[in-house]
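Beneath this line is the structure, given in C-alpha cells, with notes to follow.
Nothing in this text is a laboratory measurement; each read-out follows from the coordinates by a stated rule. Please read these numbers as outputs of a predicted model, since none were measured by experiment. Virtual Cβ from ideal backbone geometry, glycine too; neighbours counted across all protein chains shown.
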Amino acid sequence: MAHQICLDCGMSLAETIQRCPKCDNDLNAQHDGSTITVDIAHHGERVSEALRKMQYEVDLARKGVSRRIRLVVGSGLIREEIMLALRDLEYRGEIKCFDLEIKNSGAVLISLK
Ligand SMILES: [Zn+2]
C-alpha cells in the first residue's frame, strides 16, 4: 500500500488519508516549497504529445509534495495550446494558478498548492 509522510509531524500515513490524524494538517495542501522543471517542447513533440506530457506531470506532481511545476513550452503552438489547457485545469481546480515566467516567456509556472 502506498504511503505518504505528514510534512508537519513526520507521521507515516496511508496515501488515501486527507487529513493527518495526529496534527490535523490538510495533507493535500502540504508542500516542501520545491519546483519541478519539465521540458515538454524541445524533443520534437507534437502538440498532442506535449498536452499528454503536461497532464501526466500535473497528475504526478499533485500526488507529491512539490509546490510548483515549471513547464518549458517554447514559443510556438505548444505554448498556446498548453495555456488553453491550463486555463481549463485551473477552472476545474486541479491547479491553483499559472502564468508565463516573467523573464522567460518560453516557460510556464504552475502553482499546485
Ligand atoms: Zn501530521
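Give, in nm to one decimal, the length gained when the segment between Ser105 and Ala85 is fully stretched (0.36 nm per residue of separation minus the Cα-Cα distance).
5.5 nm
Calculate how steeply helix 77-91 sits against the longest principal axis of the alpha-carbon atoms of the chain, using the helix alpha-carbon long axis, and give the answer as 0 to 90 degrees to the nearest 10.
Taking the Cα atoms of the chain, the angle to 77-91 is about 30 degrees.
Is it possible to state the helix-based mean residue ellipticity at 222 nm for the chain, with each DSSP H run of 4+ residues giving -39500 (n - 2.57), the sum divided by total residues, to the nearest 500 deg cm²/dmol? What is it?
Calculated at 222 nm, the ellipticity per residue is -9500 deg cm²/dmol.
Which whole number in µm²/s is D for the stretch 1-96 by Stokes-Einstein, with the Kirkwood Rh taken over Cα pairs at 20 °C and 1.002 mPa s?
Using the Kirkwood radius from Cα pairs, D works out to 144 µm²/s.
Find, among the GluC sites (Glu not before Pro) in the stretch 9-81, those assigned to loop by DSSP (not H, G, I, E, B) with at most 10 other beta-carbon atoms within 10 angstrom.
Answer in residue order: Glu15.
Test of understanding: what is the full-extension gain from Ala29 to Cys9, defined as 0.36 nm times their sequence separation minus their Cα-Cα distance?
Taking 0.36 nm per residue and subtracting the Cα distance, the gain is 5.8 nm.
What's the magnitude of the charge dipole for the chain around its Cα centre, counting Lys and Arg as +1 and Asp and Glu as -1 at the beta-carbon? Answer in Debye, nearest 20.
Using only the charged Cβ atoms, the result is roughly 100 debye.
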